[in-house]
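Below is one structure, written out as structure tokens; the observations come after it.
The values are calculated or read from the model by the stated rules, or taken from the named source; none is laboratory data. Fair warning: this is a prediction, and the values are worked out from it, not measured in the lab. Neighbour counts run over all protein chains shown; Cβ positions are idealised from the backbone, glycine included.
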């Protein structure tokens with residue numbers, strides 16, 4: 001039996017996006033020395049809003065990663081900034097931790113409601 005709520009479904013998408021952000025950041029960091037590599041990313045808030053509009057769709061499309069504009073490229077064409085990526089990683093980790101805490105709280109309330117019936 002699967003027990004979900006609209007909030008838990010939304011938080012699942014939130015956690016998925018946070019994970020995607022961490023994967024992209026790790027990919028950018030791994031390619032810091034690759035000549036010609038261009039930093040990829042997506043706007044987290046905008047992508048979350050897009051996914052919330054289509055919450056009922058069974059197969060959510062992954063976040064569309066795009067080249068990040070406005071970064072300074074080195075002579076080899078690579079524009080990865082480890083400082084930027086470190087900040088992005090910390091932000092994504094905090095977002096993920098927040099999502100986990102909110103999901104725990106949501107399931108705790110669901111469990112309390114289930115156990116209230118047994119009393």
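Against the criterion of being crowded, with 16+ Cβ neighbours inside 10 Å and assigned to a loop (DSSP other than H, G, I, E, B), residue 74 does not qualify. Per this entry, residue 51 is counted among residues that are part of a helix (DSSP H, G or I), in contact (Cβ under 8 Å) with a residue 12 or more places away in the chain and more than 10 Å from the chain's Cα centre (by Cα). Filtered by the rule that a residue be closer than 30 Å to residue 114 by Cβ and not in a helix (DSSP H, G or I), the range 1-48 gives 1, 2, 3, 4, 5.
Taking the range 79-113 only, how many residues are modelled with pLDDT of 95 or more and over 24 Å from the mean Cα position of the chain (by Cα)? Residues in the range 79-113 being modelled with pLDDT of 95 or more and over 24 Å from the mean Cα position of the chain (by Cα): 0 in total. Condition first: over 20 Å from residue 9 (Cα atoms), modelled with pLDDT under 95 and either within 16 Å of the chain's Cα centre (by Cα) or surrounded by 12 or more Cβ atoms within 10 Å (Cβ to Cβ) (or both). Can you find one or more residues in the range 25-34 that meet it? So far as the range 25-34 goes, no, none of its residues is over 20 Å from residue 9 (Cα atoms), modelled with pLDDT under 95 and either within 16 Å of the chain's Cα centre (by Cα) or surrounded by 12 or more Cβ atoms within 10 Å (Cβ to Cβ) (or both). Would you confirm whether any residue within the range 87-95 is in contact (Cβ under 8 Å) with a residue 12 or more places away in the chain, surrounded by 15 or more Cβ atoms within 10 Å (Cβ to Cβ) and over 18 Å from residue 17 (Cα atoms)? Among the residues of the range 87-95, not one is in contact (Cβ under 8 Å) with a residue 12 or more places away in the chain, surrounded by 15 or more Cβ atoms within 10 Å (Cβ to Cβ) and over 18 Å from residue 17 (Cα atoms), which makes the answer no.
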